[in-house]
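Working notes for the structure below.
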Amino acid sequence: MSATALQTLIGTALIDREFCEELLNGRRPALLTEFDLTEEEREVVLAIKADSIQEFAVGLYEWLMA
Amino acid sequence: MGRGCSGKGPPEAEAFLVECLAWGLLRTYGIEEPPVPVRAMIKHSLPIFKRLALLELNLGLYDATYRSLLNGSQLIVVDLTRPHVVQRASMARELYVAFCHSPRAAELRWPNHEQLRVCGNFFARCLLMPAAWVRQACAEVISVEDLAARFDVPTQMVTQRLSEMGCRIPSPAAALSARSARDGPGCDRAVGED
């Protein structure tokens, strides 16, 4: 379930500060391998520029709602 | 996404974040199917829930409630006199309250302090009845009661969850008909009909 994988990704970042920092910085591609994302979702996640996990979540939310 | 919050839920963007939090907890605890062991989740709480413990009492005052203590520890107090499923729903709600009081929530400037009860109840539904699992279950079981049994939650929570997910709530007649088709005609007879 695509939205589930994306929500799980964000949820993990909400809980885990270290994971969150790595998601927002350079380790994002490596972290994504732990989640069952489609290629399109992976591209979207990699393209998001955000300074906080909330901004990151808003970006994903808007993409999902589009 | 095929999901929308009912009037009893938080605004959609906040609901998205709250649902993410529930999925994050499920992943972190390694929970992959219902029923979600919320009591064990509280008893074996994550480091973000700093010094959180579960206190089980026979108070008759609350279903469950969150309390922070002067020594820095936190409690979720649950009333053992309430029905099992009510305890589970209320413990899940209070787990959200505990998160909102956590240092991690402060770091995140977690946005839902003004709507703790509304968001807490929504979080409880997301945690105990994750959307993907509900959709899968709806394809297999037909009645609200069956869903309530599978997820170990009150039937009222099932109807609310189905409603906010935009799923059809099966009527008792449809459930009976489907069960009859599945189990054979003899199963529909009322008690005492023999």
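If I filter segment B:101-151 down to residues being more than 19 Å from residue B:167 (Cα to Cα) and outside any helix (DSSP H, G or I), which single residue comes out as farthest from the other protein chains (Cβ to nearest Cβ)?
B:101
With the requirement that a residue be surrounded by fewer than 17 Cβ atoms within 10 Å (Cβ to Cβ) and assigned to a helix (DSSP H, G or I), what does segment A:10-30 give you?
A:17, A:18, A:21, A:22, A:28, A:29, A:30, listed by residue number.
When you check residue B:42 against the structure, is it surrounded by 19 or more Cβ atoms within 10 Å (Cβ to Cβ) and either part of a helix (DSSP H, G or I) or more than 14 Å from chain A (Cβ to nearest Cβ) (or both), yes or no?
yes
Please enumerate the residues belonging to segment B:152-164 that are outside any helix (DSSP H, G or I) and surrounded by fewer than 20 Cβ atoms within 10 Å (Cβ to Cβ).
B:152, B:154
Let's see how each residue does on (1) within 19 Å of residue B:18 (Cβ to Cβ); (2) hydrophobic (A, V, I, L, M, F, W, C); (3) in contact with a Cys (Cβ under 7 Å, 6 or more places away or on another chain):
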| residue | (1), (2), (3) |
| --- | --- |
| B:138 | no, yes, yes |
| B:141 | no, yes, no |
| B:152 | no, no, no |
| B:162 | yes, yes, no |
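Checking residue B:83 against (1) touching a residue at least 40 places away in the same chain (Cβ under 8 Å); (2) buried (at least 19 other Cβ atoms within 10 Å of the Cβ): exactly one of these is not met. Which one?
Here residue B:83 meets the rest and fails (2).
Looking only at segment A:31-42, how many residues end up being without any contact (Cβ under 8 Å) to a residue 24 or more places away in the chain, surrounded by 10 or more Cβ atoms within 10 Å (Cβ to Cβ) and not in a helix (DSSP H, G or I)?
Qualifying residue count, segment A:31-42: 1.
Within segment A:43-62, can you find the residues that are surrounded by fewer than 17 Cβ atoms within 10 Å (Cβ to Cβ), assigned to a helix (DSSP H, G or I) and away from every other protein chain (no Cβ under 11 Å)?
Of everything in segment A:43-62, those that are surrounded by fewer than 17 Cβ atoms within 10 Å (Cβ to Cβ), assigned to a helix (DSSP H, G or I) and away from every other protein chain (no Cβ under 11 Å) turn out to be A:43, A:44, A:46, A:47, A:55, A:59.
Given the criterion surrounded by fewer than 19 Cβ atoms within 10 Å (Cβ to Cβ) and under 17 Å from the mean Cα position of the chain (by Cα), identify the matching residue among B:135, B:125, B:109.
Of the residues listed, the single one that is surrounded by fewer than 19 Cβ atoms within 10 Å (Cβ to Cβ) and under 17 Å from the mean Cα position of the chain (by Cα) is B:135.
Please determine whether any residue of segment A:23-33 is within 9 Å of chain B (Cβ to nearest Cβ) and either farther than 22 Å from residue B:130 by Cβ or touching a Leu at 6+ places or on another chain (Cβ under 8 Å) (or both).
No, every residue in segment A:23-33 fails to be within 9 Å of chain B (Cβ to nearest Cβ) and either farther than 22 Å from residue B:130 by Cβ or touching a Leu at 6+ places or on another chain (Cβ under 8 Å) (or both).
Write out, first by first residue and then by second, each pair whose Cβ atoms fall under 9 Å of each other, whose residues are 6+ apart or on separate chains, and whose first residue, in segment B:123-150, is on the phi < 0 side of the Ramachandran plot and touching a residue at least 40 places away in the same chain (Cβ under 8 Å) while the second is among the polar types (S, T, N, Q) and assigned to a loop (DSSP other than H, G, I, E, B).
Sorted first by the residue in segment B:123-150, then by its partner, the pairs are B:123/B:112.
Against the condition without any contact (Cβ under 8 Å) to a residue 24 or more places away in the chain, of a type outside the set (S, T, N, Q) and within 13 Å of chain A (Cβ to nearest Cβ), how does residue B:19 come out, does it pass?
No, not satisfied.
No lab work stands behind these numbers, since they all come straight from the coordinates. Source: prediction; values computed, not measured. We place every Cβ from the backbone using ideal geometry, glycine too, and count neighbours over all the protein chains shown.
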